[in-house]
Structures are given as C-alpha cells and as structure tokens.
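Q: Right, I'll just put the structure down here and ask away after.
The values are calculated or read from the model by the stated rules, or taken from the named source; none is laboratory data. Predicted model, so just to flag it, every value in this text is computed and none were measured. A quick note on method: Cβ atoms are made from the backbone with ideal geometry, for glycine too, and the neighbour counts reach across all protein chains shown. Just the protein is used for accessible areas: all its heavy atoms, side chains included, with ligands, DNA and RNA removed. Shrake-Rupley method; radii C 1.70, N 1.55, O 1.52, S 1.80 Å.
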Amino acid sequence: MKHIIGAKPPSALAAAASPAAARTVEVDADSAGQRLDNFLIRHLKGVPKTHVYRIIRSGEVRINKGRASADTRLETGDQVRLPPVRISDKVAEKAERPAPAREFPILREDEHLIALDKPAGTAVHGGSGVSFGVIEQLRQARPAAKFLELVHRLDRETSGILLVAKKRSALTHLQDQFRERETGKTYLALVTGVWPASKKVIDLPLHKYLQADGERRVRVTTADDPDGMRSITLVKVRSTVAARPQQGLPAMTLLEVTIKTGRTHQIRVHLASQGHPIVGDDKYGDFDLNKRLQKLGMKRMFLHAWRLQFNHPASGERIELHAELPPELADFVTPPPDRA
C-alpha cells in the first residue's frame, strides 16, 4: 500500500470519486529566502529527494501559480502548490513516528540562536541509517518553536559546541560566516605518540571517496589531484599524557586543533597522516590500541568541539563559547594516581 502526503484519510478516499487534491502553503517570514527544494524537503517529510526534484521539474510544484526551479528563493506571502505525493508504508510509518523529545545542555540561547553541547554518539540529524538526531529531538522537545535549523555539522562521534538557528535570518547570517571562514573553530583531540611542538600547520589537500560498501572516506592527496580540496589545520600542543606500560598504553598528546577549512573528516585525516591518529578513531585510528582502550572504558573517539567564535547574527558582537571536556575524556587525560 502507498500513502499519499496531502491526501484525505483512507476512509474518506474510499468514498471520494475524485483523486487526492493538492494543497497550498503560504510562505511565512521564517521561510523567506529559503530555496524551493529545501522548503519542499521540510514540508514533504519522508519523500525522497529525487522525487522532490522530479515534481519541481515536471511543473507540479508552483509558486504563485507559476513554474519555478529548485533554486528559486521564496518570499514572504508566496503561495506554494504542493501536489499529493506517494510514499511507501515503511516511509510513512517512519515519518509519523516522531523522534523522542530531548533537550541538550545549553551554552547560550537567545531569540536568534541556540548553542548546545552535543554529546558523543548522537547524530546531528537523521539519515544514512540513523532515524533521528539532535535537530529532530529538539523540535519534538519544543513544539511551539516555529523555526529550528542546524547551522553546521559535527560528526556523530564528536562532542561539543553545535549551533542551531531560531530564525531564517540568523541561519543565513551564521552560515555565511562559516562559508567565508569568519568563524573560529577549535577542537581538543588526543592523539597517539608525542606530537612535535614545531609541527604547527598541516596544509595538505583532501580527497573524498566511497568505499565498495558505500561508506564515505577521506584521504590525503597531492596538489595536482583535480579532486583534491585544499585543507589547512593549525595544531598547538596543550599537554602530554605519559605512557602507562602496565595498561599497555603509549604516550599521548592533547592538542588544540583549529581548522581554517571545514572539510569532511579533516582533523581526523590530517592528524593520522602525520603518524598521530586520534585516540578511539574507528575509521583512521590505531585499531589495536582502540581495542585496549575500550577494555579500559574509553569507548569513544577523543575529539571535542571545544571553542567557537562568531559574530552574533543580530548585534554583530563577537561571541566566544567554550564547552569543557566531558567527564569521560577529562578523566582519561588526568587520571587519579592509582590509574597512572
């Protein structure tokens, strides 16, 4: 059986001779400036993106009764025609089953944005085998909020500062800052071995690719690789962690890592390329060491979004936020004497 988004309930459909009707949605101030494709993806939950683009190209979606392209920017008051679209029972069930409501530790909040401290192991949004993430849970916890959108991303395994916009204008302003590299993003990462203090800049291009199983990976490449993206990472040694021979652990180094470019897995791949992978990294790390660490209770990657600097989208004030290391990471780098 197929479900029709925008259609009447099944009982009413059985009695009705006419096909399901389209519906019209008026664009409010919070959606003004948004691309048509993104607007539809938000309103047609569960509909594959390929189908969203198909109904745009076919002219089934209209703005003020006229055809439009996927990149058309919406304006307040626009009337958007949404045709009924069919989705499978499985997708419909998933769309109707809301994510569990959840609030997260708040570092700063005002009428324009939320800065929260994301725990490790939680995705920022649903997709790629994950039913829901921070943004879906936050929307469920705040049903009265008209607008909540992610400003940027963090890997599922990474903890720390995550920005959520509460207004379309704030989202646009903040994303522009990320795009133009006007933000300051510094992470804390624990790597294997003793990092040379003189090694302060990693300027190596990165190449994204898919493995045979479809999983995304990144590797360092050469400057003449046409698919390579220039990537710059700044590294500062914060402290060293002595080797723990009794536990089979080598010396390690806690780094402050500032990224000047925001490439996929940039920090993880750059640090690993220097022979110092991040502790607990299950994609680019030391897998034998990771197994020993898991037995000692360290079951996550030691990467934490510690500091974020940006200009407030309304006042222009320069904001600097900090999210201190979560206990499981802080305790590992400063263990009590009996664990040393």
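Q: With r as the distance between the Cβ atoms of R216 and F178 and R0 = 22 Å, compute the FRET efficiency 1/(1 + (r/R0)^6) and round to 0.05. Don't jump to the answer; show the numbers that get you there.
A: Values: r = 20 Å, r/R0 = 0.92.
Result of the calculation: an efficiency of 0.65.
Q: Among bridges DSSP assigns within the chain, what percent are antiparallel (round to 5)?
A: Values: 61 of 63 bridges.
Rounded to the nearest five, the antiparallel share is 95 percent.
Q: Right, something else. What's the Cα-based Rg to Rh of the chain, Rh via Kirkwood?
A: Numbers: Rg = 23.4 Å, Rh = 22.7 Å.
Rg/Rh for the chain comes to 1.03.
Q: With label points built 7 Å along Cα→Cβ from the Cα atoms of I55 and R35, find their separation and express it in nm.
A: About 1.8 nm separates the two model spin labels.
Q: With a Förster radius of 45 Å, plug the Cβ-Cβ distance of R292 and D110 into 1/(1 + (r/R0)^6) and report the FRET value to the nearest 0.05.
A: Numbers: r = 45 Å, r/R0 = 0.99.
Calculated transfer efficiency: 0.50.
Q: Magnitude of the Cβ-charge dipole of the chain, K/R +1 and D/E -1, about the Cα centre, nearest 20 debye? Let's see the in-between values first.
A: Working: 54 positive and 40 negative charges, 154 e Å.
Here the chain has a charge dipole of around 740 debye.
Q: Can you give the net charge of the other residues whose Cβ lies under 13 Å from the Cβ of R81, counting K and R as +1 and D and E as -1? The partial results should precede the final answer.
A: On the way: positive: R23, R62, K65, R67; negative: E26, E60, D78.
Here the count lands on +1.
Q: Can you tally the net charge around S69? Count Lys and Arg as +1, Asp and Glu as -1, for every other residue whose Cβ sits under 10 Å from the Cβ of S69. Display every interim value, and only then the final one.
A: Values: positive: R35, R57, R67; negative: D37, D71.
The answer is +1.
Q: Top to bottom by accessible area (1.4 Å), largest first, where do D110, D227, D176 land?
A: Details: D110 40, D227 95, D176 65 Å².
Ranked from most to least accessible, the order is D227, D176, D110.
Q: Taking the Cα of D203, stepping 7 Å toward and past its beta carbon, and measuring to each backbone N in segment 147-190: which are under 18 Å?
A: What the label zone holds, given the 18 Å backbone N cut-off, is 181.
Q: Which entries of K260/K283; K49/K295; K146/K208; K200/K295 have Cα-Cα distances beyond 31 Å here?
A: Working: K260/K283 22 Å; K49/K295 42 Å; K146/K208 36 Å; K200/K295 33 Å.
Over 31 Å apart, Cα to Cα: K49/K295; K146/K208; K200/K295.
Q: So, R0 is 25 Å and r is the distance between the beta-carbons of R142 and A70; what FRET efficiency does that work out to, to 0.05?
A: With a Förster radius of 25 Å, E is 0.30.
Q: Also, quick follow-up: What percent do you get for the relative contact order of segment 147-191 when only Cα pairs under 8 Å and 6+ apart count?
A: Working: 33 pairs, mean separation 15.6, N = 45.
Here the relative contact order equals 35 percent.
Q: Decide, for segment 192-340, between rounded, prolate and oblate: order the square roots of the alpha carbon gyration tensor eigenvalues as a ≥ b ≥ c, take rounded if a/c falls under 1.5, and otherwise choose prolate if a/b is larger than b/c, else oblate.
A: Details: a/c = 1.82, a/b = 1.21, b/c = 1.51.
Oblate.
Q: With contacts defined as alpha carbon pairs under 8 Å and 6 or more residues apart, what's the relative contact order of the chain in percent? Don't jump to the answer; show the numbers that get you there.
A: On the way: 659 pairs, mean separation 46.5, N = 340.
Result for the chain is 14 percent.
Q: Additional query: How much area per residue is accessible in the chain when the probe is 1.4 Å and only protein heavy atoms are counted (Å²)?
A: Roughly 52 Å² per residue, with all protein chains present.
Q: How far apart, in nanometres, would the label points at A22 and Q309 be if each is projected 7 angstrom from Cα along the Cα-to-Cβ direction?
A: Inter-label distance under the simple model: 5.0 nm.
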